[in-house]
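The values are calculated or read from the model by the stated rules, or taken from the named source; none is laboratory data. All values derive from a computational prediction rather than experimental measurement. Counting neighbours? That spans all protein chains shown, and the Cβs are built from the backbone with ideal geometry, glycine included.
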């Protein structure tokens, strides 16, 4: 009965392409990552030296630059969590009120998120340029020339300047998610509250905010995971400089791997960093389950 | 107060509120558009005027910058590379994810549930060091650009991206297949259609809207991909746009008009697709975030 045989094998054939790719490019690299983290290896020579957990110990106890980079990514993340998401929520509330031109606003706000980090980084590199940038030019027109500086090369401003680019690129993305969340809140709730004489603030405080908590949690966790792993934007603007002032974990892992050829160490850095992010991810899932 | 004045007052208040929201939204919208306008403006200036002429609309637009960027700046090569990579990644993701999502929806057997959960968990569990292991693997397979041969590095750039796109694509497609009634397939099988025939002639056409979402979002991600291109390519003739932009920026630090022309070239296709398909794109992205 060939047809029955064919039916029994067919399902497996449907899975096969996805399964093979997944095994080759997700599962096997995961094994490689954990395995290599236990060795000292330059990435080229056939000989690897097994050193147990030494790489991990060095990351945790001796790698001050790595933890500096971690806290710098944390600074950008905090700024994004507070400023970027507050702006995103405010704009979503505005557009959700059937504001004239609301769709036009949506189109414009979501424009930066569809651009690549490289393009965004290079535009802003030009805007921030110390000698010829439009920002300094604008400041001198406003009589504020003494504030002009090479924004991305000055240790005092580089990290904030990068954070501003990142938030500029990201807020529109939080905006569309908040807007989608707001649109799921039934209009009748507001009608009823209005009939009862609740003010705009009370309606926001007691209807909008509570119903938006799950969406806020999702936006927050995606902001954290996305911002902590910031990379291309750094490469396109500062490369981690000046000094180490805009280094982030991913640039450090890159440096360990291709800068100093310490592949085992790069893997250990990646795993330590991944485990920290995992804690955030799990905490969010727990929190979300408790809320809903 | 007569009823008429009360209504008039209410309308006045509503109009004032509208204006207040515009005061919030307009500057933000302007800040989204200005850097892009500045990029286009700079791309039309000359190497001499770009540092001194701060007008947004240059008196003499130097459109020939685009031809120079396309040929001397190698952006023509980068553009065609990006186009090829994006088409192949999208084709690969759509094909593999449609097959797998259909199988997850219709054929269950030991291990399929586990595979499904594992696949989706890769969307929630961050593995920031994965690129180190991916580099080691691609190196072992000879898929890193070492200066000779072009198809292996190109393959090394495409395959991991197909794998990377699968979880989200399957996450979008499986519920869609779940929603298609089984009776359709049963009657087709009675008519003598094989499993593949049912999939090809009935399921795929019905799933076209969901496949469109997958193709759109995958093409945006592939067009903007940077990290893998940074790992894999060292020769200009193989680089996609994002990598090429960075290479150009590194080699010609202050040639802003050509760089900006290259950036405009690089964003024209995605901005065009975005403006035409923005509803679908935004719905796809918010569906992923709100459901996930």
**Request:** Would you check if there is a residue in the stretch B:241-260 being within 13 Å of another protein chain (Cβ to nearest Cβ), without any contact (Cβ under 8 Å) to a residue 24 or more places away in the chain, assigned to a helix (DSSP H, G or I) and over 29 Å from residue A:252 (Cα atoms)?
**Result:** no
Counting only helices (runs of 4 or more DSSP H) wholly inside the stretch A:163-278, the ones holding at least 2 residues that are modelled with pLDDT under 90 and out of contact with any helix residue (DSSP H, G or I) (no Cβ under 6 Å at 6 or more places or on another chain) are A:187-195, A:200-203, A:209-228
Of the residues in the stretch B:214-228, those that are outside any helix (DSSP H, G or I) and under 19 Å from residue B:152 (Cβ atoms) come to B:225
Picking from B:231, B:275, the residue that is part of a helix (DSSP H, G or I) and in the same structural domain as residue B:164 (by TED's automatic domain parsing) would be B:231
How many residues of the stretch B:80-125 are assigned to a helix (DSSP H, G or I), facing chain A (nearest Cβ under 9 Å) and free of Cβ contacts under 8 Å to residues at least 60 places away in the same chain? The answer is 7
>> Within the stretch B:190-210, does at least one residue satisfy the condition of being more than 10 Å from every other protein chain (Cβ to nearest Cβ) and under 21 Å from residue A:23 (Cα atoms)?
In response: no
Test: residue in the stretch B:132-155 that is within 7 Å of another protein chain (Cβ to nearest Cβ), part of a loop (DSSP other than H, G, I, E, B) and buried (at least 16 other Cβ atoms within 10 Å of the Cβ): no
Report task. Would you confirm whether any residue within the stretch A:137-156 is exposed (fewer than 14 other Cβ atoms within 10 Å of the Cβ), in contact (Cβ under 8 Å) with a residue 12 or more places away in the chain, farther than 20 Å from residue B:50 by Cβ and under 27 Å from the mean Cα position of the chain (by Cα)? Result -> yes
Reported set for the stretch A:88-98 where residues are surrounded by fewer than 23 Cβ atoms within 10 Å (Cβ to Cβ) and either at the interface with chain B (Cβ under 7 Å from one of its Cβ atoms) or outside any helix (DSSP H, G or I) (or both) is A:90, A:94, A:97, A:98
Residue hits (the stretch A:258-270; surrounded by fewer than 24 Cβ atoms within 10 Å (Cβ to Cβ) and out of contact with any strand residue (DSSP E or B) (no Cβ under 9 Å at 6 or more places or on another chain)) are A:258, A:259, A:260, A:261
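Consider the stretch B:222-239. How many of its residues are within 10 Å of chain A (Cβ to nearest Cβ) and surrounded by fewer than 22 Cβ atoms within 10 Å (Cβ to Cβ)? Walk me through it before giving the result.
First, pick out the residues of the stretch B:222-239 that are within 10 Å of chain A (Cβ to nearest Cβ): B:223-227, B:229-231.
In the following step, the residues that additionally are surrounded by fewer than 22 Cβ atoms within 10 Å (Cβ to Cβ) were identified as B:227, B:230.
Matching residues across the stretch B:222-239 total 2.
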task: Return yes or no: is residue A:38 within 30 Å of residue B:156 (Cα to Cα), touching a residue at least 24 places away in the same chain (Cβ under 8 Å) and either away from chain B (no Cβ under 14 Å) or in contact with a helix residue (DSSP H, G or I) (Cβ under 8 Å, 6 or more places away or on another chain) (or both)?
output: yes
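Can you tell me which residue is nearest to residue A:238 (Cα to Cα) among those in the stretch A:99-122 that are modelled with pLDDT of 90 or more and more than 7 Å from chain B (Cβ to nearest Cβ)?
A:121
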Just checking, does the stretch B:9-28 include any residue being touching a residue at least 12 places away in the same chain (Cβ under 8 Å), out of contact with any helix residue (DSSP H, G or I) (no Cβ under 8 Å at 6 or more places or on another chain) and surrounded by fewer than 19 Cβ atoms within 10 Å (Cβ to Cβ)? no
The one condition residue A:135 fails out of (1) in a helix (DSSP H, G or I); (2) at the interface with chain B (Cβ under 9 Å from one of its Cβ atoms); (3) touching a helix residue (DSSP H, G or I) at 6+ places or on another chain (Cβ under 6 Å) is (2)
